[in-house]
Amino acid sequence: MLTRTPAIQAQHRNERRTDRYIRTALFVGIVLFLALPAGAEEPGASNAADATATLETAHKHLEWLVGSWVGTGLGGDVEESWLPAKGGQMMGLFRMVVDGEIRFSEHMAIGSFDHEGTQRIELRLKHFDNQLHGWETKEQVVSFPFKHSEPGHVTFGGLEFIQESATAMRIELKMRGKDGVRTEVFKFERTSH
């Protein structure tokens, strides 16, 4: 009978944990890759003045988002927190926990960014694993261009924030897969922390 030392047992546990992280990273990477790409149309923000006016409107329509939220999505527990707009950007954080372990987190910004020489309103984000290693390269971001806003409902390319009540919201992420387009739904409740 083969006897494993505690050191070997710990090594096997770490290898299994690493395998789970790799599978999760691949899954989330595929999810993000399959997110619907931005459409060619721009939301009327062809110059800096238009972009500023539209950005202020989008931020106003997202004021309800400021604060902390907890919920579910992608098969795990999710949390999201947003700061109010300052310096032309709203900033947010997201994390996903599955089986008590952080699978990934995101640092997000909603603002006006340079896109091929033109200012464009976008939600931009970067992903990090539970060791704070970035998934994207230093210069690379995942971006969702602004499409439409109204009070309680803001749409970015393939991503929608929907206020259901003063204490509940829904985020819908449209993804394209081999079976067509599907929508992943995240449901959140406002929390005091």
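Please treat every number below as a calculation from the coordinates, not as lab data. Please read all numbers here as calculations on a predicted model, not as lab measurements. Positions of Cβ are generated from backbone atoms using ideal geometry, with glycine treated the same way; all protein chains shown enter the neighbour counts.
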Please compute the modelled spin-label separation between GLU136 and ASP77, points set 7 Å along Cα→Cβ, answer in nm with one decimal. 2.8 nm
Taking θ as phi - 60°, what are the ³J(HN,Hα) couplings along segment 105-120 by the Karplus curve (6.51, -1.76, 1.60), each to the nearest whole Hz, with x for Gly and Pro? 9, 9, 10, 10, 9, 10, x, 9, 10, 5, 10, 6, x, 10, 6, 9
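Starting from segment 138-181, pick out the trypsin sites (Lys or Arg not before Pro) whose DSSP state is loop and whose Cβ has at most 13 other Cβ atoms within 10 Å. Mind dumping the intermediate values first?
Numbers: sites: LYS138, LYS147, ARG170, LYS174, ARG176, LYS178; in loops: LYS138, LYS178.
Within segment 138-181, the qualifying trypsin sites (Lys or Arg not before Pro) (loop, at most 13 other Cβ atoms within 10 Å) are LYS138, LYS178.
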What percent do you get for the relative contact order of segment 62-193 when only Cα pairs under 8 Å and 6+ apart count? 20 percent
